[in-house]
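Some notes on the structure that comes next.
Each value in this text was obtained by applying a stated rule to the coordinates, not by laboratory testing. Computed from a predicted structure; not experimentally measured. Cβ sites come from the backbone with ideal geometry, for glycine too, and all protein chains shown count toward neighbours.
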Amino acid sequence: MVGVDKVRLRALSSSLHKKGELAALKAQLIAGLNAAGEVLVEESSGAKRDLTPEGLLILTGGVEREALEAARALREPIVILAHPRHNSLPAALEVLARLRQEGRQGLLLYGEPDQVAARLALQARVAAAWRKFAGSRLGLIGRPSDWLVASGVKPERLRELGIELVELDTAELLGRVRALEGRAFDNDLRKLRQGRLRRPEVDHETLAVAIRVYHGLRELAEEHGLSALTIRCFDLIESLGNTACYALSRLNDEGITAGCEGDMQALLSMHLGRLLTGQPAFMGNVAQLDLAKCQVLLAHCTCPLALASSHELRSHFESGRGVGIAARLHPGPATLFRIGEEELSRLFVAQGMIRPREPEEGLCRTQVLIELERPPEELLEAPLGNHHVLLLGRHREELEALFHTYLWKGVPQIGG
């Protein structure tokens, strides 16, 4: 079962039941979950303390207090599995109700083995992504852009989630970029010239400065142990006559989540998307909407090249300076989302298809048309802000599971 997710279950049963019969039942239930091929299920004695997700398998009734005691050693959400015999489901319902009275998060799974196995695998993936996310060090370089009036996150919310925010001054980056003057970076220049250049918009010196911005940002990320960063990028236009568009594109390709304009909500969305899916995300302006056709156009001047079927190096759209990325994304399934509000308490997510479209000159350089499965009225009626995030593939289920498990402050949903 190479590559499947792994979950460890602690089986609980009453002493009133026959041991041989319960052993056979336990083996049958675990074998049924493993046969589904979604997840590798092992029995737990409660002694191991590694990062493998753990849960409770309620074999019989009469174990409610034992289950509550066992739950104290488990990470939230506490996954509880029940089956149709031996008063398993009644006991599980009682345990989950008590956990929620205590303010703890629990998830009750009940159904056919393939359904339960799929949900277990989903929770294992979500838990693995969250463990990495909760230990993140995020960099904010400069203040958020002045026009981002709805995209901040409360510092106390970040601390509550176990995320460390490292605030750096733009001057520190500028000093590093200037210290790199005179460095040739010939290999970087050769690689850049392999792509198509729009001349006279982009010349040799423009490319050289963009490369130095990348190396300056990379140095800061490594020195401060940042797994993600966002930058007040428009300040670089005045100071350097360039932008961070190329640098952010390359950092995203190299595994460091990098966002624009100091937008913390967008950065956190991008970072969670990467940790869930293993791929970089595209962050863009919601530039156009067509509700009748269920279409959204995202546009920005940077894009991870790992997502692109082709690209051209152009100037930054608004300023006409520096290096911007005009990429065409791979057509196919895609997920548009954003986690928003200062408490990260709301989620917009929709799935659709990337459709071909010829770019127009009145928008940022990378333009992506997504045809969604439903009209995106929510974007107009209850917007979370401008920037939204795009992932290749269909990831609504994972994003919703992560949001409801770890971010939403309401009552977790019951799965199964």
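3J(HN,Hα) along the stretch 88-97, derived from phi through the Karplus expression 6.51 cos²θ - 1.76 cosθ + 1.60 where θ = phi - 60°, amounts to 5, 5, x, 5, 5, 4, 5, 5, 5, 4 Hz, with x in place of Gly and Pro. Binning the C-alpha pair distances of the chain at 20 Å intervals from 0 yields a P(r) profile of 25, 48, 23, 4, 0 %, listed from the shortest bin outward. At 7 Å along Cα-to-Cβ for each site, give me the label-to-label distance between Asn187 and Glu219 in nm. So the label points at Asn187 and Glu219 sit 1.8 nm apart. For the chain, modelled as a Gaussian network with Cα springs under 10 Å, which listed residue fluctuates most, Leu298, Leu158, Leu276? It is Leu158. Kindly identify the stretch 5-134 as rounded, prolate or oblate by the Cα gyration tensor criterion: order the square roots of the eigenvalues as a ≥ b ≥ c, call it rounded if a/c is under 1.5, otherwise compare a/b with b/c, prolate if a/b is larger, else oblate. Taking the square roots of the gyration eigenvalues as a ≥ b ≥ c, the stretch 5-134 is oblate. Report the one residue of Leu289, Gly162, Val177 whose Cα lies farthest in the direction of the positive end of the charge dipole of the chain (charges on C-beta: Lys and Arg +1, Asp and Glu -1; origin at the Cα centre). The one lying farthest along the dipole's positive direction is Gly162. For the pair Glu378 and Arg137, the difference between a 0.36 nm per residue extended length and the Cα-Cα distance amounts to 83.6 nm. In summary, the convex hull built on the alpha carbon positions of the stretch 118-201 has an orientation-averaged projected area of 10.9 nm². Between Asp146, Asp290, Asp203, where does the largest GNM mean-square fluctuation fall for the chain, given springs only between Cα atoms within less than 10 Å? Of Asp146, Asp290, Asp203, the Gaussian network model singles out Asp146 as fluctuating most. Considering only Arg176, Arg314, Arg274, the Gaussian network model of the chain with Cα springs below 10 Å gives its largest mean-square fluctuation to Arg176. Using only alpha-carbon positions in the stretch 124-282, the gyration tensor eigenvalues give semi-axes of 28, 18, 14 Å once each is multiplied by 5 and square-rooted (largest first). May I ask you to list the residues of the stretch 91-122 whose amide nitrogen lies under 11 Å from a point 7 Å from Cα along the Cα→beta-carbon direction of Ala35? Residues 113-114 fall inside that zone. Computed from the C-beta positions of Arg65 and Arg355 and an R0 of 51 Å, the FRET efficiency is 0.35 to the nearest 0.05. Label positions at Asp169 and Gln101, each projected 7 Å from the Cα along the C-beta direction, are separated by 5.6 nm. By the helix-only formula, in which each DSSP H run with n ≥ 4 contributes -39500 (n - 2.57) and the sum is divided by residues, the chain has a 222 nm mean residue ellipticity of -10500 deg cm²/dmol.
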